[in-house]
Amino acid sequence: MTKPIAIGSDPNASALKEVLMVFLSSLGYEVDDYGSDDIIYANTAHKVAKAVAGGKHDRAVLLCGTGLGMCIAANKVPGAYAVTCTDEYSTERSILSNNANILTMGAKVVNDEIAKSLVTVWMSVQYIPGGRSQPKIYRIYAIEKEYTGSEK
């Protein structure tokens, strides 16, 4: 990946965000920090999801207490496909089966080491077009288009 990885959080997850920024940088990734000061997590989710959907970033990581609110808010942006993960298998499948582009996690759900392992998986897996998941992904895009009129 040549584009920077976006990362943002609410105040509940600011410490985990800092850990992951250092970790991603140590792996050689450029990281764009979208902040962690806004107590309205949906504002951060919106900024990050809009940047991903607009092509500024291929992938992003969003963090809050559970990861769930960030996921819901990010998924309101057409072209943003966020998933909340707590294990390596789901993280891997979120890309291979669903072509997700935003990983959300909860600082009150995963510890620093688990978060690092999930980010490692997240960054190492690439979606393979044309596989058996392609029709499922196209159906997701069609549903999005039905409600937004936007093309993927």
Every residue from segment 127-137 that is surrounded by 11 or more Cβ atoms within 10 Å (Cβ to Cβ) and of a type outside the set (K, R): Y127, I128, G131, S133, Q134, I137
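Against the condition assigned to a helix (DSSP H, G or I), over 16 Å from T66 (Cα atoms) and polar (S, T, N, Q), how does S117 come out, does it pass?
Numbers: assigned to a helix (DSSP H, G or I): yes; over 16 Å from T66 (Cα atoms): yes; polar (S, T, N, Q): yes.
Yes.
With respect to A13, determine if the residue is crowded, with 18+ Cβ neighbours inside 10 Å and touching a residue at least 60 places away in the same chain (Cβ under 8 Å).
Answer is yes for this residue.
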Selection status of V48, buried (at least 24 other Cβ atoms within 10 Å of the Cβ), touching a residue at least 60 places away in the same chain (Cβ under 8 Å) and closer than 21 Å to P4 by Cα: no
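Yes/no matrix, rows are residues, columns are (1) in contact with a Pro (Cβ under 9 Å, 6 or more places away or on another chain); (2) surrounded by 17 or more Cβ atoms within 10 Å (Cβ to Cβ); (3) within 30 Å of I143 (Cα to Cα); (4) touching a residue at least 60 places away in the same chain (Cβ under 8 Å):
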| position | (1), (2), (3), (4) |
| --- | --- |
| V22 | no, no, no, no |
| S26 | no, no, no, no |
| D37 | yes, no, no, no |
| I40 | no, no, yes, no |
| K56 | yes, no, yes, no |
| R59 | no, yes, yes, yes |
| L68 | no, no, yes, no |
| N75 | no, yes, yes, no |
| A82 | no, yes, yes, no |
Segment 93-108, residues that are surrounded by fewer than 17 Cβ atoms within 10 Å (Cβ to Cβ), assigned to a loop (DSSP other than H, G, I, E, B) and not basic (K, R): S97, N98
Segment 9-53, residues that are under 18 Å from T120 (Cα atoms), of a type in the set (F, W, Y) and not in a helix (DSSP H, G or I): Y29
Residues that are assigned to a helix (DSSP H, G or I), in contact with a strand residue (DSSP E or B) (Cβ under 8 Å, 6 or more places away or on another chain), closer than 13 Å to W122 by Cβ and not β-branched (V, I, T), drawn from segment 54-92: S90
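Quick note: the coordinates plus some simple rules give every number you see, no bench work behind them. Fair warning: this is a prediction, and the values are worked out from it, not measured in the lab. Counting neighbours? That spans all protein chains shown, and the Cβs are built from the backbone with ideal geometry, glycine included.
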